[in-house]
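The values are calculated or read from the model by the stated rules, or taken from the named source; none is laboratory data. Note that this is a predicted model, so its numbers are computed, not measured. Note that we place each Cβ from the backbone using ideal geometry, even for glycine, and neighbour counts take in every protein chain shown. For accessibility, only protein heavy atoms count, side chains too; no ligands or nucleic acids. Shrake-Rupley method; radii C 1.70, N 1.55, O 1.52, S 1.80 Å.
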Amino acid sequence: MPACPSGGVLVKVSSCSICSSDARMVINGHSGLVYPRILGHELSGVIDESQSELYKPGDRVQIYPGISCGRCSACRRGETRRCIALKTLGFSEDGGFAEYLALPATAVTTGGVNLVPENVTDEEAAMAEPLASCLNAQERAKVGQDDSVLIIGGGPLGLLHSRLSRLRGAQRVFIAEKDENRLKLASEHGRADRVIDTSIERLPQIIRDETGGRGVDVVILSSNSTSTANLLPLLADAGRLSLFASLSKETSSVWFDINHVHYRELEVTGSFGSTAVQNTAALKLISQGMTVADLITMRISLEDIAEAINYTLERKGLRAVINYNQ
């Protein structure tokens with residue numbers, strides 16, 4: 001049992017979603033891990049003990065995984081993800097795959113603890129963190145009114161991107177996927193105008209046909225198993241490419257003609273994680289009616305976490321969530 005830090009809170013974890021990065025870290029480790037480590041960074045819970053005036057025992061809360069200093073130039077600009085002293089739950093600090101989680105005072109004072117609205121369940125609240133990552137990517141790529149958006153990858157984050165694109169005013173949304181099971185799930189849950197099976201369909205031709213030869217306004221790379229070599233030609237002039245997913249060493253080094261970006265005024269943006277403000281905004285979107293519960297396709301106890309890790313690695317469904325009261 002961890003102790004409640006001075007000025008901080010002790011949280012009894014209620015739900016913790018399993019990210020594909022969690023599952024990969026179990027197998028391959030991660031450069032950001034400091035061992036020994038409890039993983040898990042998408043979580044909600046109940047305040048068990050508080051040494052902060054902002055929260056009291058019994059408060060239902062959702063946790064932002066980044067613990068920033070609140071003082072450096074990045075923090076003062078609101079870019080908490082770029083904090084020079086950033087600590088991250090599940091990476092450098094113990095995370096949510098545990099019954100209790102101790103959060104220091106800095107996690108509280110920098111916006112890392114959010115009260116969960118009454119109309120949001122614990123497991124829905126745990127989905128706020130991945131939604132916040134999508135929000136970060138789409139804000140950087142300026143997804144907006146009347147855009148056509150192509151999402152590469154039909155996993156849970158790809159489907160969150162599809163729904164968020166709609167919410168931000170996108171006129172048309174396409175999802176490209178090649179995994180048979182994910183294609184079925186994307187058709188059922190993606191809310192896209194078209195789900196494209198790239199194992200048998202030619203993506204460039206379909207995009208040309210669907211957009212009258214213009215191309216899409218935004219491409220969001222939400223898969224780490226896709227080549228990036230041919231993504232820029234899918235864009236319309238002044239289009240934006242969002243590099244949302246991390247890539248393997250084999251696919252991350254990409255060469256392309258810079259003049260292709262120059263003459264067509266294309267933009268390439270990267271995104272990784274989110275800020276505390278975006279995390280709070282994502283929780284608000286869920287409370288306002290953005291549906292995320294149907295993306296949870298496995299609910300399991302902490303004791304059976306190995307089964308959920310394998311479920312995630314093998315892409316058997318969408319999101320697996322540990323419910324601690326199960």
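Given the Cα-Cα distance of residue 85 and residue 33 and 0.36 nm per residue of separation, how much length would full extension add, in nm?
So the chain would gain 17.2 nm between residue 85 and residue 33.
Which residue fluctuates most in the GNM of the chain (Cα springs below 10 Å): 54, 247, 231?
Its mean-square fluctuation being the largest, the pick is 54.
For the chain, with a Gaussian network of springs between Cα atoms less than 10 Å apart, report the residue from 276, 125, 236 with the top mean-square fluctuation.
Checking each option, the largest mean-square fluctuation is seen for 236.
On the full set of protein chains, 1.4 Å probe, figure out the accessible area of residue 48 and give it in Å² to the nearest 10.
Rounded to the nearest 10, the figure is 70 Å².
Looking at the chain as a GNM with Cα springs under 10 Å, which of 212, 155, 190 has the largest mean-square fluctuation?
Most flexible of the set in this elastic network: 212.
Cα-based Rg (one decimal) and Dmax (whole number) for region 80-208, in Å?
Radius of gyration, then largest Cα-Cα span, for region 80-208: 17.9, 54 Å.
Taking a point 7 angstrom from the Cα of residue 105 along the C-beta vector, which residues in region 2-16 have backbone N less than 17 Å away?
3-10
At 222 nm, what value in deg cm²/dmol follows for the chain if DSSP H runs of at least 4 each add -39500 (n - 2.57) and the sum is divided by all its residues, to the nearest 500?
The per-residue figure over the chain is -8000 deg cm²/dmol.
Are there trypsin sites (Lys or Arg not before Pro) in region 44-149 that DSSP marks as loop and that have at most 16 other Cβ atoms within 10 Å, and which are they?
Listed in order of number, the matching sites are 71, 77, 142.
Given a 1.4 Å probe and heavy atoms of the protein chains only, how would you sort 10, 243, largest accessible area at the top?
243, 10
When ligands, DNA and RNA are left out and all protein chains stay put, how many square angstrom of accessible area per residue does region 127-272 have with a 1.4 Å probe?
About 46 Å² of surface per residue is accessible.
Match the structure shown to one of the listed values (i) 66, 51, 43; (ii) 67, 37, 36; (iii) 60, 42, 38 of Cα extents along the principal axes in Å, computed from it, and give that label.
Identified label for the calculated read-out: (iii).
Between region 77-137 and region 276-326, what is the separation of their alpha carbon centroids in Å?
Value for the Cα centre distance between the two parts: 14 Å.
Percent relative contact order of the chain, based on C-alpha pairs within less than 8 angstrom and at least six residues apart?
Dividing the mean separation by the residue count of the chain yields 20 percent.
Note the angle between two axes, namely the Cα long axis of helix 180-189 and the longest principal axis of the Cα atoms of the chain, as a number of degrees from 0 to 90, rounded to the nearest 10.
That works out to roughly 80 degrees.
Take the Cβ-Cβ distance between residue 214 and residue 297 as r, set R0 to 45 Å, and report the resulting FRET efficiency rounded to the nearest 0.05.
For residue 214 and residue 297, the calculated efficiency is 0.80.
Between region 146-182 and region 217-270, how far is it from one alpha carbon centroid to the other, in angstrom?
Spelled out, the Cα-based centre of one part sits 16 Å from the other.
Taking each pair of distinct Cα atoms in region 58-101 once, what is the resulting Kirkwood hydrodynamic radius in Å?
Evaluated on region 58-101, it is 11.5 Å.
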